[in-house]
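What follows is a short report on a single structure.
Laboratory data are not the source of any read-out in this text; all were calculated from the coordinates shown. Nothing here was measured: the structure is a model prediction, and the numbers come from that model. As a convention, Cβ positions derive from the backbone with ideal geometry for all residues, glycine included, and neighbour counts pool all protein chains shown.
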Amino acid sequence: MQLTVNGKPAVIEGRESLNITSMLDELQVKDSLYVTVELNGDILDRPTFDSTIVKDGDTVEFLYFMGGGR
Amino acid sequence: MLSEEQIQRYSRHIILKEVGGKGQRKLLDGRVLIIGAGGLGAPIALYLAAAGVGTIGIADADDVDLSNLQRQVIHFTPDIGKPKVESAREKMVAINPDVKVITFQEWISAANITGIIADYDFIIDGTDNFAAKFLINDACVLAGKPYSHGGILQFDGQTITIKPKESACYRCIFPQPPPKDAIPTCSQAGVIGVLPGVLGTIQATEAIKFLLGKGDLLTDRLLTYNALRMRFREVPLKRKSTCPVCGDNPTITEVKDELDAMTVCDLKG
């Protein structure tokens, strides 16, 4: 399946769909415990990561904490 | 009315049709609070003072340190040891004596933030820790104050403007702070010195546009910047009905300190 991840194409081989938790694993997303996931424009609640399914053609954004400023 | 000197000083603003004499008057009547007189706060304070924003509040409890000077361009080598807000104030009024600078030499907390932001039209987050970033978000949302969020780390930055109850807030994106020490800080992980210059200048632009009432604010869009790849991206966002502070059934109805997000160095400053 092919996704658009943070604006770039990303392929997950051998899967037609998977849940957010597995997608974070497959894509080896850094800080996966704290990342915010937006799927097709909607920010997901973390408790729904197991029940939310990603499909071919979906658009995913990972939003990371950035705490610096001084 | 603008004086002859002001007409000359702000002539490059005044010839812009989006500003004009009327817009410059709005800037002179404007009140902006900058929280943090460091990497982000430095260019924000310099540009807002130069632009003639009439009243600028600046809050920071820290003193200037040698390790600040690689990026905090408002502080100079002879300022080491001086309170940052004092060092900043001196440069701001040296650029533009029109500007009234109000300094708050203290850390913001649940105890003081609501009183401090009350007198300002627009707030800018230039802080370096999650406790402060969440506190600023909550206080601004609860008080209905528009503000600019900014965050930087290493070669990356992000910024968004929040119009409370109208556009997505910081907690719509991140409902709660990360556990303390889960995400590194600039002092632990480093930051390229020009990065806060880029992000802070964008935040200052938002304050100026807000005061002028011109253009489109950076609302419902998180602007991310990577200096290494020299790439800007915009992530479209929407307000979240489950947001703990601006959602339909908020669980946060008064400001509180996010003690879990404070690190030891935040607490000592």
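When you check residue B:200 against the structure, is it closer than 30 Å to residue B:52 by Cβ, part of a helix (DSSP H, G or I) and in contact with a helix residue (DSSP H, G or I) (Cβ under 6 Å, 6 or more places away or on another chain), yes or no?
Values: closer than 30 Å to residue B:52 by Cβ: yes; part of a helix (DSSP H, G or I): yes; in contact with a helix residue (DSSP H, G or I) (Cβ under 6 Å, 6 or more places away or on another chain): yes.
So residue B:200 passes the test.
Aromatic (Phe, Trp, Tyr), in contact (Cβ under 8 Å) with a residue 60 or more places away in the chain and more than 12 Å from chain A (Cβ to nearest Cβ) - does that describe any residue in segment B:113-129?
Of segment B:113-129, the ones aromatic (Phe, Trp, Tyr) are B:120, B:122.
Now drop any that are not in contact (Cβ under 8 Å) with a residue 60 or more places away in the chain, which leaves B:120, B:122.
Still in the list and also more than 12 Å from chain A (Cβ to nearest Cβ): B:120, B:122.
Yes, that holds for at least one residue.
List every residue pair whose Cβ atoms sit under 9 Å apart, with the two residues 6 or more apart in sequence or on different chains, where the first one lies in segment A:7-19 and is within 14 Å of another protein chain (Cβ to nearest Cβ) and the second, anywhere, is among the acidic types (Asp, Glu) and assigned to a strand (DSSP E or B).
Close Cβ pairs (under 9 Å, with a partner that is among the acidic types (Asp, Glu) and assigned to a strand (DSSP E or B)) amount to A:7/A:61.
In this structure, is residue A:54 exposed (fewer than 14 other Cβ atoms within 10 Å of the Cβ), farther than 18 Å from residue B:224 by Cβ, more than 14 Å from chain B (Cβ to nearest Cβ) and among the hydrophobic types (A, V, I, L, M, F, W, C)? Talk me through it step by step, then tell me what you get.
Details: exposed (fewer than 14 other Cβ atoms within 10 Å of the Cβ): no; farther than 18 Å from residue B:224 by Cβ: yes; more than 14 Å from chain B (Cβ to nearest Cβ): yes; among the hydrophobic types (A, V, I, L, M, F, W, C): yes.
Criteria not met by residue A:54.
I'm told residue B:124 meets every condition in (1) assigned to a loop (DSSP other than H, G, I, E, B); (2) under 26 Å from residue B:258 (Cβ atoms) except one. Can you identify the failing condition by its number?
Here residue B:124 clears every test but (1).
I'd like the full set of residues that are surrounded by fewer than 18 Cβ atoms within 10 Å (Cβ to Cβ) and under 24 Å from residue B:75 (Cα atoms), limited to segment B:105-127.
Hits for segment B:105-127 are B:105, B:106.
Are any residues in segment A:35-51 at the interface with chain B (Cβ under 7 Å from one of its Cβ atoms) and not charged (D, E, K, R), and if so, which ones?
Result: A:36, A:41, A:43.
Would you mention how many residues in segment B:161-193 are more than 23 Å from residue B:38 (Cβ to Cβ) and of a type in the set (Asp, Glu)?
Within segment B:161-193, residues that are more than 23 Å from residue B:38 (Cβ to Cβ) and of a type in the set (Asp, Glu) number 1.
Being outside any loop (DSSP other than H, G, I, E, B) and within 14 Å of chain A (Cβ to nearest Cβ): is that true of residue B:88 here?
Numbers: outside any loop (DSSP other than H, G, I, E, B): yes; within 14 Å of chain A (Cβ to nearest Cβ): yes.
Spelling it out, residue B:88 is indeed outside any loop (DSSP other than H, G, I, E, B) and within 14 Å of chain A (Cβ to nearest Cβ).
Is it fair to say residue B:103 is at the interface with chain A (Cβ under 10 Å from one of its Cβ atoms), of a type in the set (Val, Ile, Thr), assigned to a strand (DSSP E or B) and touching a residue at least 40 places away in the same chain (Cβ under 8 Å)? Even if it seems obvious, please write down each step before you answer.
Working: at the interface with chain A (Cβ under 10 Å from one of its Cβ atoms): no; of a type in the set (Val, Ile, Thr): yes; assigned to a strand (DSSP E or B): yes; touching a residue at least 40 places away in the same chain (Cβ under 8 Å): yes.
Judged against the criteria, residue B:103 is not a match.
Conditions (1) among the charged types (D, E, K, R); (2) assigned to a loop (DSSP other than H, G, I, E, B); (3) within 12 Å of chain A (Cβ to nearest Cβ), marked per residue:
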site	(1), (2), (3)
B:33	no, no, no
B:38	no, yes, yes
B:57	no, no, no
B:72	no, yes, yes
B:109	no, yes, no
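Does residue B:138 satisfy the condition of being buried (at least 21 other Cβ atoms within 10 Å of the Cβ) and touching a residue at least 60 places away in the same chain (Cβ under 8 Å)?
Details: buried (at least 21 other Cβ atoms within 10 Å of the Cβ): yes; touching a residue at least 60 places away in the same chain (Cβ under 8 Å): yes.
So residue B:138 fits the description; yes.
Residue A:32 is checked against (1) crowded, with 16+ Cβ neighbours inside 10 Å; (2) away from every other protein chain (no Cβ under 14 Å); (3) over 17 Å from residue B:235 (Cβ atoms) and fails just one. What number does that condition carry?
With (1) crowded, with 16+ Cβ neighbours inside 10 Å; (2) away from every other protein chain (no Cβ under 14 Å); (3) over 17 Å from residue B:235 (Cβ atoms) applied to residue A:32, the lone miss is (2).
Working carefully through the options A:27, A:63, find the one that is touching a strand residue (DSSP E or B) at 6+ places or on another chain (Cβ under 7 Å), among the hydrophobic types (A, V, I, L, M, F, W, C), within 14 Å of another protein chain (Cβ to nearest Cβ) and free of Cβ contacts under 8 Å to residues at least 60 places away in the same chain. Before the answer, list the steps.
On the way: A:27 fails: within 14 Å of another protein chain (Cβ to nearest Cβ).
From the options A:27, A:63, the qualifying one is A:63.
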